[in-house]
Amino acid sequence: MADAEEKVKSVDPASLQMIEKAKEQEISTIFDRADKMKACNIGLQGTCCKVCSQGPCRLPLPKGGVQGEDTRMGLCGATPNTIAARNFARMVAAGAAAHSDHGRAVAEVFLAAARGETKDYGIKDTKKLMEVAEDFDIPVTVTEGEEEKPRDPKEVAIELGEKALAEWGKQEGELLFAKRAPKQRHELWKKMGVVPRGIDREIVEIMHRTHMGVDQDYRNIIKQCSRSALADGWGGSMIATELQDIMFGSPVPIHGTINLGVLEEDQVNIIIHGHEPLLSEMIVVAARTPEMLELAESKGAKGINLAGMCCTANEILMRHGMPIAGNYLQQELAIITGAVDAMVVDVQCIMENVANVAKCFHTKVITTNPRARMEEANTVHIEFEEHKALEIAKEIVKAGVENFPNRRADALVPDIKAPMVAGFTYESIEYHLGGSFRGTYFTLNDNIINGRIRGIGGVVGCNNARTAHDSDHLIVVKELLKNDVIVLTTGCNAMACGKAGLLTPEAAKEFCGPGLTEICETVGIPPVLHMGSCVDNSRILMAATGVVKAGGLGNDISDLPVAGAAPEWMSEKAISIGQYFVASGVYTVFGVGLPVTGAPVFQDHLFNGLGQELGGKWDVSEDPYEIARKMIEHIDAKRQALGIDKARERVLFDMEARRQLEAGVA
Ligand code: NFS
Ligand code: SF4
C-alpha cells in the first residue's frame with residue numbers, strides 16, 4: 001500500500017534503476033529520508049529566529065493568516081518581517097561567500113601561475129587576458145618611442161592577479177566589474193547605494209546587520225542583500241569565471257555525454273565531485289599520463305575514466321569534453337552502481353551520506369580541500385596545494401586506480417546516457433548568434449524584435465529532494481521552448497536538460513515553437529544553451545548586458561524580454577544568485593517554495609516592492625507550469641512595453657495554421 005502512495009522520485013530512468021537497487025540492498029539514500037522526514041513548518045515560513053540564545057523564537061502564521069494588526073514578535077520584539085529578512089540575508093551571505101571563496105582560490109592560483117610560482121598552471125587565453133585587464137583598468141599596451149606595442153602578457157597577468165585578489169579586501173570605492181553592467185543599471189545601483197565596495201566587506205556586513213539587535217528594517221536588510229549578492233554575481237563569481245577561462249581556456253561548444261551510463265565497467269572510474277576546477281583540471285592531466293595509464297593496465301583495467309558530478313562536471317565538460325555522471329541528486333546513486341573506484345570531492349553540495357553509501361561498496365572517498373573534510377573512517381584526505389598540483393593529482397588518481405581490483409563482481413552500470421553540446425559563453429553566443437559582420441549581439445536582438453525568438457529564459461539551479469528529481473526543471477524548460485523562448489542554463493538544470501536530450505541541435509525540431517526551431521536549425525545550435533557551472537551564471541549577466549548594448553531592446557537589463565527561474569533550488573548559493581539577478585533587473589521565479597511566507601509584508605516587498613526600485617523582483621510557485629507561464633507573461637509584458645509585441649503576432653502560428661501554410665492553403 002505504501003508503494004502505491006509513494007510519489008515519483010525522479011524522472012530520470014538511470015536514477016530510478018539505482019534507487020531501486022538501493023532499496024533492494026537496504027541502503028539509505030536522500031530519496032528515502034525525504035519520505036520519512038517532513039520539513040519544519042515554521043522554518044519553511046522563514047519565521048524561526050535563532051540568532052540569540054533567548055530563542056529560538058518561533059512565529060508561525062496564525063491559522064487563516066494574519067487578521068488585523070500583526071502582533072507576533074520574538075522575545076526581543078523582532079517582527080516576522082525582521083526575522084524572515086534576517087534569515088534570507090544570511091542565506092545570501094552564505095551563498096555569496098561560497099561562490100566568492102571559490103573565486104578567491106582561483107585568483108590566488110592565477111597570481112601564483114602569473115608569477116611563475118607554480119609550473120602546473122599557465123595562461124591559455126591571452127586574448128581574454130587582455131580584454132579582462134582592460135576592464136580592470138590595466139594598460140595593455142606600452143609606448144616605445146613613436147610605437148605603441150602590446151604589453152608582455154606575463155606582466156599584465158601579474159597585475160590582473162593582484163588587482164583581482166584585491167577585490168576581496170577592498171574597503172571603499174566600487175568593485176571593478178560593476179561598470180561592466182549597462183550604464184543605466186550601474187547608475188541605478190549608485191543612486192540606491194548598492195554598488196559593492198569589496199567582496200568580503202559586503203558579506204561581513206550582512207552577518208553584522210543580522211546579529212541580534214542590529215538592522216530592524218527589512219527594506220534596509222534587503223538593500224544589503226542586493227549589495228552582497230552583486231558582489232557575488234559581478235564580483236566573486238564573475239572573477240572566478242574570467243580567471244578560469246584565462247588559465248584553463250575559454251570554453252567553445254563541445255560534445256559530451258551525460259548520465260550514470262558514462263561509467264565504464266572495465267575501466268577505473270573516478271568521479272570528480274564538487275565545484276572548483278583548480279584540482280580537477282590537474283586530475284584530467286594526471287589521468288592522461290602514460291604512468292597512470294600503465295598503472296591502470298597493470299591492475300587489469302582498460303583505462304581511466306574520469307566523470308564529473310555537480311558543477312565540477314560542468315567545468316571539465318566545458319573545457320575537455322569529459323563525461324558527466326550526473327547532477328546533485330545522483331551522487332549517492334553513482335556510488336550505488338558499485339563501479340566507482342574513487343569519488344574525489346572538494347567543496348559545496350557534497351552530501352555527508354556519500355561516505356556512508358561508500359562503506360557499502362569498495363568506493364574510496366577522497367577529500368581534497370582544507371575547508372571541507374569528512375570524519376568518516378573510510379574517507380581519506382589528500383590535500384590540494386597549487387605549488388605541487390600535478391603531483392597531488394597523480395596521487396589521487398593512483399588511489400583510484402589501486403582500488404580498482406577491489407571492485408565487486410556485482411557492479412551494475414545503468415545502460416543510459418545521452419549526448420549533449422555544452423560550452424556556450426558570452427563570447428561564443430556572440431559568435432553563433434551575432435553574425436560575423438557586426439560581431440555583436442545584433443542578430444540575436446533582431447530575431448527577438450522580429451519575434452522568432454520571443455524572449456530569453458535563464459533556467460538554472462539545483463535539484464531538491466522535495467520535488468521529483470529533474471521533473472520541474474524539464475517542465476519549465478520545455479514550456480519555454482514550446483513558446484519560442486530560448487533557454488540559457490547552468491548548474492544542475494543544465495545537467496537535467498542534458499540527460500533529457502535538450503542540449504542537442506536536434507532537440508529544436510522536437511521541442512520548440514516554429515520561430516525558435518528556425519533559428520536553431522539555421523545556426524545549428526541547441527535551443528538550450530549550456531553556459532557552465534553556477535559561478536558561470538556571471539556569463540548570463542554578461543549575455544544580458546550584451547543584448548542591451550547591441551541596441552533596440554531598451555537601455556537596461558530590466559527592459560529586456562528576459563526572465564529567470566530556479567525550479568528545484570535548494571542551496572543558499574541559489575538565493576544569492578536569485579538576489580543578484582533581481583538586483584540586475586531580472587524577474588526571477590523560484591520553485592519549491594521560499595522561506596518568506598510567514599512574513600507577508602516582507603514577502604510583498606520581495607515580490608512587488610523591489611520591482612519598483614530595481615526593475616527586477618522575486619516570485620515563487622511550486623507548480624512548474626505556472627513558473628513557465630509567469631515567465632512568459634513577464635516576457636510578453638516587456639515586449640509590449642518595447643512596442644515589439646505586434647511584430648511577434650505576425651510570426652506566431654498555431655500548429656494548424658502552420659500545417660495549412662505548409663500545405664499551401666493559407
Ligand atoms: Ni549550483 Fe553546483 Fe547543483 Fe545547486 Fe549544487 S551543484 S553550484 S548549488 S546543487 S546547481
Ligand atoms: Fe528571539 Fe530576538 Fe533572540 Fe531572535 S534575536 S532568538 S527573536 S530574542
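List of remarks:
- Residue list for the range 85-143, restricted to those being touching a Cys at 6+ places or on another chain (Cβ under 9 Å) and of a type in the set (K, R): R86
- Residue within the range 216-232 that is outside any loop (DSSP other than H, G, I, E, B) and within 16 Å of ligand 1 (Cβ to nearest atom) present: yes
- Filter pass, G326 being farther than 25 Å from P370 by Cβ and either open to solvent by 10 Å² or more (accessible area, probe 1.4 Å) or within 16 Å of ligand 2 (Cβ to nearest atom) (or both): no
- Summed over the range 171-199, residues that are among the basic types (K, R) and either within 24 Å of the chain's Cα centre (by Cα) or open to solvent by less than 40 Å² (accessible area, probe 1.4 Å) (or both) total 4.
- Test: residue in the range 267-290 that is part of a helix (DSSP H, G or I) and of a type in the set (S, T, Y): yes
- Every condition in (1) within 27 Å of the chain's Cα centre (by Cα); (2) crowded, with 18+ Cβ neighbours inside 10 Å; (3) more than 16 Å from ligand 2 (Cβ to nearest atom) holds for K127 except the one numbered (2).
- Criterion (within 16 Å of ligand 1 (Cβ to nearest atom) and farther than 24 Å from V421 by Cα) met by exactly one of E568, E572: E572
- Screening the range 294-409 for strands (runs of 3 or more DSSP E) wholly inside it with 3 or more residues that are within 16 Å of ligand 1 (Cβ to nearest atom) returns the ranges 304-309, 324-326, 342-345.
- Residue that is buried (at least 18 other Cβ atoms within 10 Å of the Cβ) and closer than 30 Å to G74 by Cα, where the choices are E242, E202: E202
- Residue satisfying condition, being away from ligand 1 (no atom under 16 Å from the Cβ), crowded, with 20+ Cβ neighbours inside 10 Å and in a loop (DSSP other than H, G, I, E, B), within set G74, G122: G74
- Residue in the range 86-98 that is of a type in the set (F, W, Y), within 16 Å of ligand 2 (Cβ to nearest atom) and either open to solvent by less than 30 Å² (accessible area, probe 1.4 Å) or outside any loop (DSSP other than H, G, I, E, B) (or both) present: yes
- Some residue of the range 145-154 being away from ligand 2 (no atom under 16 Å from the Cβ), modelled with pLDDT of 95 or more and either assigned to a loop (DSSP other than H, G, I, E, B) or of a type in the set (A, V, I, L, M) (or both): yes
- Looking across the range 403-415, just one residue is over 17 Å from I335 (Cβ atoms) and open to solvent by less than 80 Å² (accessible area, probe 1.4 Å), and that is P405.
- Extreme residue, farthest from the chain's Cα centre (by Cα), among residues of the range 600-649 that are open to solvent by 50 Å² or more (accessible area, probe 1.4 Å) and among the small types (G, A, S): G643
- Long-range neighbours under 6 Å by Cβ, at least six apart or interchain, first residue assigned by TED's automatic domain parsing to the domain that holds K170 within the range 192-205, second among the hydroxyl-bearing types (S, T, Y) and open to solvent by less than 10 Å² (accessible area, probe 1.4 Å): V194/S226; I199/S100; E202/S228; I203/S228
The values are calculated or read from the model by the stated rules, or taken from the named source; none is laboratory data. Worth saying up front: this structure is predicted, and the values here are computed from it rather than measured. So basically every Cβ, Gly included, is an ideal-geometry build from the backbone, and we count neighbours across all protein chains shown. Surface accessibility is based on the protein's heavy atoms, side chains included, excluding ligands, DNA and RNA. Shrake-Rupley method; radii C 1.70, N 1.55, O 1.52, S 1.80 Å.
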